[in-house]
Structure formats: C-alpha cells, structure tokens
Amino acid sequence: MGRHYLKVSKTWCMERQIEFPSILRSSLINHFLLLVKMNPLLPVIDAGRPTQLVQPFAKRIADEAQPMIRQAIHQLQINVGKLCNQTCVHCHVEAGPTKRRENMDEHTADRIVELSRQCDSLQVVDITGGAPEMNPNFKRLVLEFRSRGIRVIDRCNLTILRQPGYEWVAPFLVENQVNVVASLPCYLEDNVDLQRGDGVFSASIEALRQLNDLGYGSDERLKLDLVFNPTGTGLPPDQASLQADYKRELNEHYSIVFNELLTITNIPIKRFAMYLAKRNKLEDYFRTLEAGFNATAANSVMCRSLLSISWDGQVYDCDFNQMIDMPAITEHGRPTIWTIESFDELNHRPINTADHCYGCTAGAGSSCGGALT
C-alpha cells in the first residue's frame with residue numbers, strides 16, 4: 001500500500017512540473033511520508049485523487065445533478081495570503097503567524113485589478129486569507145473595487161481588529177462600506193477557544209462590540225454576517241434555527257447584533273483532514289458527506305459562478321481546490337493571471353472536482369455564503 005501512495009506523490013509532483021528525484025532529497029517528500037504514516041488517505045486527498053471510500057464525486061454529479069460548468073463569473077475570491085494572527089484547527093488554508101512568505105505582492109494585485117476591469121459580469125469581490133487585513137495590498141484592493149460600485153467582502157477573523165497596529169481596520173471598513181463576514185464558530189466561549197485558541201472568544205466579542213458601535217449590524221449599509229463551522233465531525237445544523245440561537249444568546253449575554261449567520265461545512269482537506277486522521281475519523285467523515293449528498297445543493301454550488309485567485313496569481317475554481325493545488329481547467333494547461341487575457345476565458349469551462357467536493361453538497365449544502373437550500 002505504501003508504494004501506491006508514493007506513486008500518487010510522484011504523480012502530484014510531475015503534474016506540478018516538479019522534478020521528482022529532487023523532491024526525494026527535499027522536505028516535501030518527508031511531508032508526504034508523514035502523511036502516509038498518519039493515514040494513507042492524506043496524500044491521496046492532497047493530490048485530488050479518488051479516495052475509493054465513496055463514489056467518485058464526478059460520477060455522482062453525472063448521475064444526479066447538472067454538469068459542473070462555470071457560467072458567467074459573478075464573484076471573484078482573492079486569497080491574499082496565509083499570514084494570520086491565529087492558528088485554527090479547522091483551517092483548510094493552514095494559515096498562521098509564521099506564513100510570511102506566502103503573501104500577495106503589488107505586481108500580482110495590479111494584474112488582478114487589470115483583469116477584473118474587463119469582467120463586466122463581476123458583482124462581488126471576496127477578500128480572504130489568512131487574515132487579509134495583514135496584507136499590504138488589502139486597502140488598495142478594497143478602494144479599487146468599491147470605487148467601481150462592486151460589493152466587497154472582508155473575511156475577518158475578528159481578533160485582528162484588537163491587534164496592535166491594526167486599529168485602522170474597523171474605521172476603514174466603515175468608510176468604504178465593506179461587508180464583514182466574521183468567523184465565530186459558536187456562541188459558547190469554551191467551544192470557540194477549543195477550535196481557535198485560548199482567549200479568541202473574548203477578543204472576538206470585543207471586536208464585535210467595536211463593529212456594532214460603528215454601525216455594523218444595524219446600519220443597512222454596514223452588513224455584518226457571522227460564520228459557523230462545526231467544532232466536531234457532523235454537518236452544520238439548520239441555518240435558520242441556529243441563527244435564531246446565535247442572535248438570542250449574543251444579544252442577551254453581550255448586547256451584540258448582526259445580520260445573518262452563515263453555516264459552512266468543514267472540508268476534509270489539509271489541517272482539518274489531519275485533525276480527523278489523528279482521531280481515526282477521516283474515513284467516516286467522507287462517508288457522512290457522501291450520505292448527505294443533496295443534488296439541489298450541487299446545482300447551486302458557488303464554483304458555478306466564481307473564480308478563486310491565489311496569493312501568487314494561480315487560478316482555481318474555489319478556495320478549497322486552491323489549497324490542494326487543483327487548478328481550473330483550460331485548453332492550454334493550468335491558468336494563471338499571467339497566462340490569460342480575460343477572466344471570461346474561464347466561462348463555460350468544466351469545473352475541477354474531487355471527493356472533498358461532497359462537503360459543499362451535503363445536507364443543506366455549503367458555500368462561502370452559507371447554506372444553499
């Protein structure tokens with residue numbers, strides 16, 4: 001079995017135009033061997049290969065849902081990098097305070113802006129990370145897109161607002177009427193700190209109060225949404241019911257208001273996949289996702305109208321595919337912002353899928369905008 005997964009690792013390197021013999025002498029092969037030792041499925045997931053645990057996602061779509069084809073691009077998701085002031089258990093980006101190299105530079109940001117100006121269908125720009133506010137291009141990207149009347153979302157971890165040196169963030173968001181989508185995986189302190197680190201809940205509450213004081217959650221121009229991720233291995237509960245619970249508890253105990261709660265399923269890749277593997281729950285989780293397949297949700301997944309751009313200008317179908325380096329599909333190989341002339345070149349193209357995609361189609365469905373059905 002070990003030889004099979006080593007072969008998968010070799011294929012992974014070849015597809016990314018990395019000379020495999022050199023990798024044998026690098027830390028990357030040690031990473032793969034560590035994954036194999038922990039659970040032989042991990043390098044398979046990282047390579048976007050069939051897990052052989054569940055029916056291949058592409059086959060399930062072919063049998064029960066509409067073809068996975070991107071239509072007009074309405075949303076551009078820009079991952080400006082992996083630098084973050086937190087290190088969270090569920091984080092598929094594997095972001096953290098030490099990830100300083102993997103961050104978008106000015107040249108890359110300029111090219112994204114240039115391409116976006118040719119995309120007439122663009123309605124929303126979703127800036128994410130890491131903590132996107134820590135990237136020096138965050139301000140200029142926000143100003144560019146807001147000046148064009150495009151809705152901008154800041155995927156905010158909340159605690160960044162309380163960090164020294166980032167006092168400018170909240171007033172800047174207000175001034176530019178940026179939609180804040182803030183992660184708060186529970187309204188209970190112990191659950192949040194277990195997933196995100198000691199003290200994160202109290203810092204998040206203070207940040208939410210700060211946003212509320214500035215008008216977020218009450219002024220219709222300042223939308224504040226919260227994100228729920230399950231702390232365990234189940235699917236998210238009913239979004240509307242949980243939203244009512246959040247609103248009641250946060251208001252009664254902390255006098256906090258917000259607009260909507262978005263429930264998002266944890267996708268079994270990267271750090272969360274390793275978390276599951278360490279607890280011998282990875283296989284069961286994939287089967288849970290498959291058992292919950294919802295064809296209606298599959299027909300509404302975000303990748304049908306979205307492009308995801310990485311910090312170094314690679315083009316993907318979604319942020320999850322980005323993290324396991326499954327590029328978007330074109331006639332000329334893997335696309336980057338330097339090899340395409342227009343984002344519209346990705347319209348009417350097949351979407352790259354693998355078994356982790358069951359995470360977006362299970363139960364009520366899951367997207368960066370919450371439940372789909």
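The values are calculated or read from the model by the stated rules, or taken from the named source; none is laboratory data. Please read these numbers as outputs of a predicted model, since none were measured by experiment. Every residue, glycine among them, receives a Cβ derived from its backbone with ideal geometry; neighbour counts consider all protein chains shown. Heads up: the accessible areas ignore ligands, DNA and RNA and are worked out on the full protein's heavy atoms, side chains in. Shrake-Rupley method; radii C 1.70, N 1.55, O 1.52, S 1.80 Å.
Observations on the model:
- Of all residues in the range 328-338, exactly one satisfies the criterion of being within 21 Å of Val125 (Cα to Cα) and open to solvent by 30 Å² or more (accessible area, probe 1.4 Å), namely Trp338.
- If you go through the range 176-198 and pick out every residue that is more than 23 Å from Gly369 (Cα to Cα) and either part of a strand (DSSP E or B) or modelled with pLDDT of 85 or more (or both), you end up with 1.
- Residue match in the range 117-129 (condition: within 23 Å of Glu260 (Cβ to Cβ), under 23 Å from the mean Cα position of the chain (by Cα), buried (at least 23 other Cβ atoms within 10 Å of the Cβ) and not aliphatic (A, V, I, L, M)): yes
- Scan of the range 130-162 for residues that are of a type in the set (Gly, Ala, Ser) and within 19 Å of the chain's Cα centre (by Cα), ordered by number: Gly130, Ala131
- Of the residues Asp105, Asp110, the single one that is over 15 Å from Asn85 (Cβ atoms), touching a residue at least 24 places away in the same chain (Cβ under 8 Å), open to solvent by 30 Å² or more (accessible area, probe 1.4 Å) and not hydroxyl-bearing (Ser, Thr, Tyr) is Asp105.
- Subset of the range 331-370 [at pLDDT below 95, closer than 20 Å to Gln66 by Cα and part of a loop (DSSP other than H, G, I, E, B)]: Ser366
- Selection of the range 316-373 for residues being within 26 Å of Pro43 (Cα to Cα), out of contact with any Pro (no Cβ under 6 Å at 6 or more places or on another chain) and of a type in the set (A, V, I, L, M) yields Met323, Ile324, Met326, Ile351, Ala354, Ala362.
- Residues located in the range 306-324, provided they are open to solvent by less than 30 Å² (accessible area, probe 1.4 Å) and assigned to a loop (DSSP other than H, G, I, E, B): Ser310, Gly313, Asp317, Cys318, Ile324
- Any helices (runs of 4 or more DSSP H) falling wholly within the range 46-152 and containing at least 2 residues that are modelled with pLDDT of 95 or more and among the acidic types (Asp, Glu): 57-64, 106-116
- Filtered residues of the range 203-227 (kept if more than 17 Å from Asn179 (Cβ to Cβ), of a type outside the set (A, V, I, L, M) and under 23 Å from the mean Cα position of the chain (by Cα)): Ser204
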